[in-house]
Amino acid sequence: MTTISQHFESLRQNNQRALIPFITAGDPDLDLTAEAIRVLDAGGADFIELGVPYSDPLADGPVIQAAATRALQQGTSLASILAMAQSLTRNLRSPLILFTYYNPILNLGIKIFLQQLVAAGIKGLVVPDLPVEEAGELLQQADAAGIEVILLVTPTSPKQRIEAIADRSRGFIYLVSVTGVTGMRSQIQTGVKDVITEIRSVTNKPIGVGFGISTPEHARQIIDWGADGVIVGSAFVQRLAEGTPYHRLRAVRDFCSELKTTIS
Amino acid sequence: MLVDTQSIQLSNPSLSQQPDSLGRFGQFGGKYVPETLMAALSELETALAKYRNEPLFQQQIQELLRNYVGRPTPLYYAERLSQYYARPDGTGPQIYLKREDLNHTGAHKINNALGQVLLAKRMGKQRIIAETGAGQHGVATATVCARFGLECVIYMGIHDMERQALNVFRMRLMGAEVRPVEAGTGTLKDATSEAIRDWVTNVETTHYILGSVAGPHPYPMMVRDFQAIIGQETRAQSQEQWGGLPDILLACVGGGSNAMGLFHDFINQPSVRLIGVEAAGEGVDTAKHAATLTKGRVGVLHGAMSYVLQDEEGQIVEAHSVSAGLDYPGVGPEHSYLQVSERAEYYSVTDQQALAAFQLLSQLEGIIPALETSHAIAYLETLCPQLTGSPRIIICCSGRGDKDVQTVAKFLNAS
């Protein structure tokens, strides 16, 4: 399968924008997570971001916090998530991106962790509590292992930091659209447009915008402002959290295709 | 006795142990936070560097420490406690208490809250947030916010709100909003996570007054430096009372701010033994304890690399202690460094041992210590029989125990 950079490049050549859904692994259980990944992959997703549930998710709002708590209560472990991913990735069109806080990586050891990602067919990695200053060792080893580490830019990042982050980030630049944690918002901050422009001025790497994007209108707005992709998390996690398995998957499928249509 | 705090503050700058530019003490510390906070941490570092040695800032803080907080706090010779641990021939350790419990608001926490609120004022922040476990840091923060007319929001676990109800009332009385945190076990870890989320969201208008020597750089260094007045006074008072240094410093460690405050001025004084006492809860071999340095492994929690209580998956586990202020699965990074470099020693005592010490100090000295402080006192049971001669032990009496009387009463009735 292609790398994130390559996949983004081919989308660009076809004048396509990327839809990047996020779901929390293990909520309500890993079987349904696997089903949801298949549904998203078939339903218009271009990349899929898979969240590893964590006990202290500092960057997450109530929806993803609650999903993580439920997933951990189910006994979801990193090993079981990667085993599930490994069984899927061969047949997926969309590269998988793992989203995890840093402590589980440190606990396993960076090298072993990266080997396991490669074995599972995971292509990218987002670590929300690892700013560029602390990421040196992970970035170096990930480059060697062929895992693309996507770094985050926020509305509070000064220009110098944006340059450093854009330089070190692989795959794309993850622009956080809000000064805040993940979670659905009623509107998006207009300042996002300026940050997109600012990132554009320092790099040709693709820009994916996430946090707080919860409706097709938001997604459209972000694309109109010049982003290459949108990341939608809590709104998917919320849809997976309620109802029968059938209803959950149908809600995910419908929302995914609605988003994809809107940004195409 | 009057100690000139101003001259102490400026003495021996070469003794300071400073973290490197990334905020590391050896491998510990750093800044493991969402990108959103990085600019605010830089802003804080800049402000700290600018004001820490500015005469006007120093003058204001010294004046408030003296006239508002009530410093210097006494170094008190605990005569009957010393007699209690004396050998049959009458010799034995000489035990002193550094009376941080006599500070305004009843604990050492005000030293740091005051310093940080003055910094926040200079940085133009109008809104203050803080986490609290026992409520002492929350009360200290609410106090300085009332004093300076700033909006104040305190995050506190629901379990802690119940066992520290008196402090919840005090915070609200002084105009703070106390926000209950239901996540996890509803204790200090969860309150800290929620405070960090608030800061991520409101970082442009808000200063986060973190209460311990934990969190991302520059917090461990900054909080230590605001608490270092404890050790600086102790040094001057030791000189004045017996013309020398203490032999052993003893303090409880949750995050570890009172211990760092006491230790800091003596780090480069190898003759002085530094001992930190953690909470063993129901025992370090049970699942219910908070003995991070004894039983934890290196990890990242709340922005810093340090020892952390975690499971085999790297998930942070819930701590347990009868004392809400020690009920925390992390510890300040400098303590991890002091342990690894063998400059300081760390031990633990159980809930039961702390409860016994709580009563012992009340009965022998007429001083009701906080349950946190009681852990340090309880370690005398182990320490004193190991000592020869008459070494001088100084215990940081970090807080008073009024807030704990209901908790203790419940335990005494149950047993």
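Residues that are at negative phi, assigned to a loop (DSSP other than H, G, I, E, B) and within 14 Å of chain A (Cβ to nearest Cβ) within region B:26-64 comprise B:27, B:31, B:32, B:33, B:34, listed in sequence order.
Return yes when residue B:372 is within 17 Å of the chain's Cα centre (by Cα), farther than 26 Å from residue B:132 by Cβ and either away from every other protein chain (no Cβ under 14 Å) or at pLDDT 95 or above (or both) and no when it is not.
On the way: within 17 Å of the chain's Cα centre (by Cα): yes; farther than 26 Å from residue B:132 by Cβ: no; either away from every other protein chain (no Cβ under 14 Å) or at pLDDT 95 or above (or both): yes.
Criteria not met by residue B:372.
Pairing residues of region B:352-368 that are within 12 Å of residue B:404 (Cβ to Cβ) and assigned to a helix (DSSP H, G or I) with residues that are among the hydroxyl-bearing types (Ser, Thr, Tyr) and open to solvent by 30 Å² or more (accessible area, probe 1.4 Å), at Cβ distances under 9 Å and at least 6 apart in sequence or on separate chains, gives B:355/B:415.
Region B:160-255 holds strands (runs of 3 or more DSSP E) entirely within its bounds, and those carrying 3 or more residues that are crowded, with 24+ Cβ neighbours inside 10 Å map to B:248-252. Of everything in region B:283-321 that is more than 12 Å from chain A (Cβ to nearest Cβ) and out of contact with any strand residue (DSSP E or B) (no Cβ under 7 Å at 6 or more places or on another chain), the residue that is surrounded by the most Cβ atoms within 10 Å (Cβ to Cβ) is B:295.
Quick one: would you say residue A:129 is within 12 Å of chain B (Cβ to nearest Cβ) and of a type in the set (D, E, K, R)? Write out each step before concluding.
Numbers: within 12 Å of chain B (Cβ to nearest Cβ): yes; of a type in the set (D, E, K, R): yes.
So residue A:129 passes the test.
In this structure, residue A:83 qualifies as more than 13 Å from chain B (Cβ to nearest Cβ), among the small types (Gly, Ala, Ser), open to solvent by 10 Å² or more (accessible area, probe 1.4 Å) and assigned to a helix (DSSP H, G or I). Criterion applied to B:76, B:51 was being within 16 Å of residue B:397 (Cα to Cα) and either at pLDDT 95 or above or not β-branched (Val, Ile, Thr) (or both), and the one residue passing it is B:76.
Applying a threshold of 7 Å to beta carbon distances and a minimum spacing of six or more residues, or different chains, the list of pairs starting in region A:237-264 at a residue that is free of Cβ contacts under 8 Å to residues at least 24 places away in the same chain and ending at one that is assigned to a helix (DSSP H, G or I) and open to solvent by 70 Å² or more (accessible area, probe 1.4 Å) reads A:251/A:239; A:255/A:239.
Could you tell me whether residue A:111 is among the basic types (Lys, Arg), surrounded by fewer than 20 Cβ atoms within 10 Å (Cβ to Cβ) and either more than 11 Å from chain B (Cβ to nearest Cβ) or over 24 Å from residue A:210 (Cα atoms) (or both)? Steps first, please.
Numbers: among the basic types (Lys, Arg): yes; surrounded by fewer than 20 Cβ atoms within 10 Å (Cβ to Cβ): yes; either more than 11 Å from chain B (Cβ to nearest Cβ) or over 24 Å from residue A:210 (Cα atoms) (or both): yes.
Here the answer is yes, as residue A:111 does meet what is asked.
Go through region A:144-163 and give me each residue that's surrounded by 16 or more Cβ atoms within 10 Å (Cβ to Cβ), within 11 Å of chain B (Cβ to nearest Cβ) and farther than 15 Å from residue A:207 by Cβ. Selection gives A:156, A:161.
For (1) within 26 Å of residue B:34 (Cα to Cα); (2) without any contact (Cβ under 8 Å) to a residue 40 or more places away in the chain; (3) within 14 Å of chain B (Cβ to nearest Cβ); (4) of a type in the set (S, T, N, Q), each residue gets a yes or a no:
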position: A:68; (1), (2), (3), (4): yes, no, yes, no
position: A:76; (1), (2), (3), (4): yes, no, yes, yes
position: A:79; (1), (2), (3), (4): yes, yes, yes, no
position: A:96; (1), (2), (3), (4): yes, no, no, no
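Going residue by residue through region B:139-146, is there one that turns out to be touching a Lys or Arg at 6+ places or on another chain (Cβ under 6 Å), surrounded by fewer than 23 Cβ atoms within 10 Å (Cβ to Cβ), away from chain A (no Cβ under 14 Å) and not in a loop (DSSP other than H, G, I, E, B)? Taking every residue of region B:139-146 in turn, none turns out to be touching a Lys or Arg at 6+ places or on another chain (Cβ under 6 Å), surrounded by fewer than 23 Cβ atoms within 10 Å (Cβ to Cβ), away from chain A (no Cβ under 14 Å) and not in a loop (DSSP other than H, G, I, E, B).
Restricting attention to region B:166-182, report how many residues are more than 18 Å from residue B:109 (Cα to Cα) and in contact (Cβ under 8 Å) with a residue 24 or more places away in the chain. Outline the logic, then answer.
Looking only at region B:166-182, we keep the residues that are more than 18 Å from residue B:109 (Cα to Cα), and these are B:173, B:175, B:177, B:179-182.
Cutting the leftovers down to in contact (Cβ under 8 Å) with a residue 24 or more places away in the chain gives us B:175, B:177, B:179-182.
So the count comes out to 6.
Select, from B:262, B:326, the only residue that is outside any loop (DSSP other than H, G, I, E, B), more than 14 Å from every other protein chain (Cβ to nearest Cβ) and either without any contact (Cβ under 8 Å) to a residue 12 or more places away in the chain or crowded, with 21+ Cβ neighbours inside 10 Å (or both). Every option except B:262 fails the conditions.
The values are calculated or read from the model by the stated rules, or taken from the named source; none is laboratory data. Since this is a predicted model, take the numbers as computed values, not measurements. All Cβ positions, glycine included, derive from the backbone under ideal geometry; neighbour counts span all protein chains shown. Accessible surface areas use protein heavy atoms only, side chains included; no ligands, DNA or RNA. Shrake-Rupley method; radii C 1.70, N 1.55, O 1.52, S 1.80 Å.
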